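Structure record follows, encoded as structure tokens.
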Amino acid sequence: MAFVRGTGSILLFIIWVCIVQVQSLEAQETPIPQLTPGSQRKAPRDSNDQEHVTKPPPPQTVELTVVKGSPLQIALDEEIQVKKVGQVVHGRVVEPVYAFDHIVVPVGAKVTGKVTKIEGPPGGKRTLAALNADFTPVRKVEVGFDELVLSDGRHLTLHTHVTPGSGQILELVTAANAKDNAKDKDKEKKNAVKDMASQKTNQAKQQAHQQWDNAMKELKTPGKVHRLERYGEAQSPVHRQFIPAGTVYFAELEDPLEFGSETMTVPMASSIGDALPEGSVVHARLVTPLSSATSHKGQNVEAVLSQPLMEGGTLILPQGSRLKGSVKQAVPARRMKKNGQLRIAFSEVVPPEGVEQKVVSTLEAVQAGKNANVKLDAEGGAEATTSKSRYLGTAVSLGLAMMSAGHGRDHDGDGGNGSGSSAAGGASGFKLVGMVMGALVRSRAFGTTMGAYGAAVSVYSNFMARGHEVEFPKNTAMQIGIGTRAATPKTSVLEEAPPTTSSLSLAPSE
């Protein structure tokens, strides 16, 4: 019996050791480089607190590795007609990839991949599409990327997984500039620091816009005429399916990429985790997917710095530092075209040494789907908007309905006018098929019915249906204004500091 108990204890010990080793291996895959604590990197004073400083520790070596799970933002550089699984796709990197403080994959690097899966729509959607005169509905297409070509000619093999929610045309949406309410010179003098920080923030947003526009210029994006041709083709009952140039995919690495190492000098190491400069704006990618439909107030949110924060050539926060925060507001979309709203704020930044620093933050810019019509207010809150084209589309549908109801007579002795009105009503109801049927049937009743149906569908979808949600999938690129939070007085523990923008960076906390 003692032997059995001893054997069982040994087995439990072995299992525990295996679990610890697995957890340690998973921890090594975190994007944060592992550094010694700041208290050990910086040269400490001696016990007498004199000016004499002890000898600093030797420099550290940092591996320049793009770890497993890191995303590459890849945009297709040319239009693709969806044909079969295995067809080749080409793209370019549109966001630089950093390792610690070095760019290892620049913007414009070429990437190749393949179509990995083509999946047709479910039966219900196919039926609805057929009723709306669409016999070739959009199929779900999955792609994967397997090779990266750098500017120096190196070819790197990739194993990637595309993040759900990516695969759409993106644009960079920036927050509206906050209005300055100062009415006199005294207030302007008091707000001098605020104004300088705001100017720095605005410059960062303009620079980000310029970089994004330059990246898009390297793609063969279609012009207005080409887009109009594709739109016209999509209205026909049978049409081809295309993936337009500029479609962006977030391709997560399943294996790390190695780019050597660098020696981190003592001055570089000692500057990490210092007080954040006024008006600091960091580039980050979202780790927690967010949606105004499913997120809730108080939900934890995490992001990772995709680019280092530099100030005057000094490294303040390296790539891989983490931002922690929460959802402050989440309003799902509702009927009558009331759109969703979402507001997040980050309250902590975690440098590689693991010592958290309290911060205030504002969402200054974010990537969003071009068709999502997302806008940011001056405080960084995101809200979906509805395109004004809905008024034009509804007006056209109502006009066709009135034309089909007010003109023409039935087939017997209509003099040719009924066919035109019936065709107009059919076009409003069932697009091209309805127009052809209306022209053949030449019935005022048929045209009126189809016109009324089309007008009703247009009014419902544009003014009565559920509004749009704010969607930020995992790996969405963001620009976040951050500043150091001031130490809170002990007498006001229950009071929470009011939210401020990055331009209102306060004194460093003790």
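Laboratory data are not the source of any read-out in this text; all were calculated from the coordinates shown. On a predicted model such as this, the values are computed, not experimentally measured, just so you know. Reconstructed Cβ throughout: ideal geometry from the backbone, glycine too, with neighbour counts over all protein chains shown.
Read phi for every residue in segment 319-332 and hand back ³J(HN,Hα) as whole Hz from Karplus 6.51 cos²θ - 1.76 cosθ + 1.60, θ = phi - 60°, with x for Gly and Pro.
Whole-Hz 3J(HN,Hα) from phi for segment 319-332: 4, x, 4, 10, 10, 10, x, 7, 7, 8, 7, 9, 10, x.
Which ³J(HN,Hα) values in Hz, rounded to whole numbers, follow from the phi angles of segment 168-175 under the Karplus curve 6.51 cos²θ - 1.76 cosθ + 1.60, where θ = phi - 60° and Gly and Pro get x?
8, 6, 10, 9, 9, 9, 10, 6
If you stretched the chain out fully between GLU254 and ARG230, how much longer would it get, using 0.36 nm times the residue separation minus the C-alpha to C-alpha distance?
5.1 nm
Starting from 0.36 nm per residue, how many nanometres of slack lie between THR157 and ASN300 once their C-alpha separation is accounted for?
The THR157-ASN300 span can extend by a further 48.0 nm.
Using packing as a proxy for protection, rank 257-269, 275-287 so that the peptide with the highest average count of other Cβ atoms within 10 Å comes first.
The packing order, highest mean first, is 275-287, 257-269.
Say R0 is 60 Å: what FRET efficiency, to the nearest 0.05, do ARG126 and GLU356 get from their beta-carbon distance?
With a Förster radius of 60 Å, E is 0.70.
Can you give the Rg and Dmax of segment 222-371 based on its C-alpha atoms, in angstrom?
Using the Cα atoms of segment 222-371, the pair Rg, Dmax is 21.0, 67 Å.
What is the spin-label model distance, in nm, from GLN329 to GLU147 if the labels are put 7 Å beyond Cα along the C-beta direction?
Once both label points are built, they end up 5.0 nm from each other.
Got a sec? Which residues in segment 114-129 would a label at LYS140 touch, if it sits 7 Å along Cα→Cβ and we count backbone N under 18 Å?
115-129
Given LYS83/LYS224; LYS84/LYS220; LYS220/LYS337; LYS125/LYS220, which pairs have Cα atoms separated by over 26 Å?
From LYS83/LYS224; LYS84/LYS220; LYS220/LYS337; LYS125/LYS220, over 26 Å: LYS220/LYS337; LYS125/LYS220.
To the nearest 0.05, what FRET efficiency results for ASP195 and ASP377 with a Förster distance of 30 Å applied to their C-beta separation?
Efficiency at R0 = 30 Å is approximately 0.90.
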